[in-house]
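Comments concern the structure below.
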Amino acid sequence: MPLHVWLDADPGHDDAIAILLALHLPEIKLVGLSTVHGNGSLEHTTLNAARLVCSFASPERAAALPIVQGAAQPLLRPAKHDTEIHGDDGLGGVEGLLDGTDEHVKRKLLEAKAGNVVLAMAEAARAMPGGEGDEGRLAIVATGTLTNAALFCATFPELVRDKVSQIVLMGGAEGRGNRSPTGEFNIICDPEAAAMVFDAEVKVVMVPLNITHTNLFTSDDNQRLLQAVSSSAFSTGAKTPLRHTLSTLLNFFAATYLKVFGFEAPPVHDPLCIAYLSHPHLFKGTRFRVDVETIGRHTSGTTSVDLWGYRDAELTAMEDPESRASWGRLGKNVWVAEEVDVPAFWALFQECVDRADEVSPLNA
C-alpha cells in the first residue's frame, strides 16, 4: 500500500526532481502539493509548481492533484530568495517546460491561488484513517522553508499527533552550512518556523547537507538520463523532449553550483526526502536532540545536533521513547539521516524518468 504524502516545496531545481519522484514512485501516493517562499518568490514557486506538475504528469493526474499556494514570507523575518543558485524565476536555464501560457498551467495556478494551505493540509490529514501504522497516516515532506509546516503544526496540533506519521524535511546541517558558516538555506530563511516544526509532537526526519552533498548528479548520470551517445560529458542530445528538459534543468544547477561553491557535480538535495519515504532501507541515521538557533548574531539558522547527549538529563519525555511527546520539545526530537546509497537513488530517478516518459505531455 503506498504512503500518502503531502509535499510542501519551493521549486527550485532540486524540488523539481522531488516532484518528479513523488509523482512516479509506486510506493508514494502524492495527495497534495503546496508552495512556499524560498528558492524564489511565492509568485514564482507557485507558477513553477504548476508548470512542473503539468509537464511531468499525465493531464488527468495533473488536473486531479491539489496545488495550494502558501506563505509568501517567514513568520517574523523578511524573505530571502536564492537567485544566485536557481535564477531569477527559480527554474533558470530549463528548456521545454510548459510555461504560464499553457491552459493546463493557467488552471492549476488559479486553483493554487484560491486555496488556503493550512486548511488544505488539515483536510488531507483528516482524510486518513489514523492508527499506529504509517499507512494510516499522512507523511508531510518539506523541501523548502518551513513556514507552511509550522503554521499547520501550530494550528492543528491534534491532527499532527493523531493523523501525521512523520515530517521529512530537507534542511539543516551537522557542522558546515551553505548560506552561513553553520547554517543551511531552508532553515536560515525561517528559523523560528523550523524550531516550531522540530518541537512538534511527531517524528521529524532531517535530511541535512551532510548527506545531500554526497548525492551528486554526475556526467554519467546525465548520459543515462539522455539515453544518447555523445562525446560531450553534458550532451543535450536527448532521446525524448522530457529528458532534454530534465537535462537542461540539472545542467543549469550544475553550472551555478560550480560557479558559487566550486562543486564539480551538483548535489541534488530535495528528492532524497521522497526516496527516504519510498525506500528507507537506503538510508542510515541516528535520533538526536536538535535545536534551532534563532538569535545568534553569526549562527542564526544553525541546527545544533546534540551528538554527545549534553541535554539528556533534561529530556524527561524520553522516559517513554515510543511516545509522541518524546519527539517534542523535551525529547530527542529528530532522526538525522547520515548516509544514503547514492547509486541506488539515481537508479530510482532513472526509473521515474522512464515512467514519466510514458505520460508526459512534453513527449506528445
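Quick notes
- Options THR101, THR143, THR147; residue that is loosely packed, with under 14 Cβ neighbours inside 10 Å, at pLDDT 95 or above and within 26 Å of PHE253 (Cβ to Cβ): THR101
- ILE140 satisfies every condition listed in (1) more than 24 Å from PRO26 (Cα to Cα); (2) of a type in the set (Val, Ile, Thr); (3) in contact with a Phe, Trp or Tyr (Cβ under 9 Å, 6 or more places away or on another chain) except (1).
For every residue, the table says whether it meets (1) modelled with pLDDT under 95; (2) of a type outside the set (Val, Ile, Thr); (3) at negative phi.
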position: LEU246; (1), (2), (3): no, yes, yes
position: PHE252; (1), (2), (3): no, yes, yes
position: ALA265; (1), (2), (3): no, yes, yes
position: ILE274; (1), (2), (3): no, no, yes
position: HIS279; (1), (2), (3): no, yes, yes
position: TRP308; (1), (2), (3): no, yes, yes
position: GLU314; (1), (2), (3): yes, yes, yes
position: PRO321; (1), (2), (3): yes, yes, yes
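- Scanning region 155-173 turns up at least one residue that is surrounded by fewer than 24 Cβ atoms within 10 Å (Cβ to Cβ) and under 17 Å from ILE274 (Cα atoms).
- Verdict on THR316 being closer than 18 Å to PHE198 by Cα and surrounded by 13 or more Cβ atoms within 10 Å (Cβ to Cβ): no
- Being more than 23 Å from HIS244 (Cα to Cα) and buried (at least 24 other Cβ atoms within 10 Å of the Cβ) is a property that does not hold for GLN73.
- Conditions (1) out of contact with any Cys (no Cβ under 9 Å at 6 or more places or on another chain); (2) closer than 26 Å to PHE217 by Cα; (3) not in a helix (DSSP H, G or I); number of the one not met by LEU7: (1)
- Residues in region 138-181 that are touching a residue at least 60 places away in the same chain (Cβ under 8 Å), part of a loop (DSSP other than H, G, I, E, B) and not aliphatic (A, V, I, L, M): THR143, GLY144, THR145, GLY171, GLY172, GLU174, GLY177, ASN178, ARG179, SER180, PRO181.
The values are calculated or read from the model by the stated rules, or taken from the named source; none is laboratory data. Fair warning: this is a prediction, and the values are worked out from it, not measured in the lab. Neighbour counts run over all protein chains shown; Cβ positions are idealised from the backbone, glycine included.
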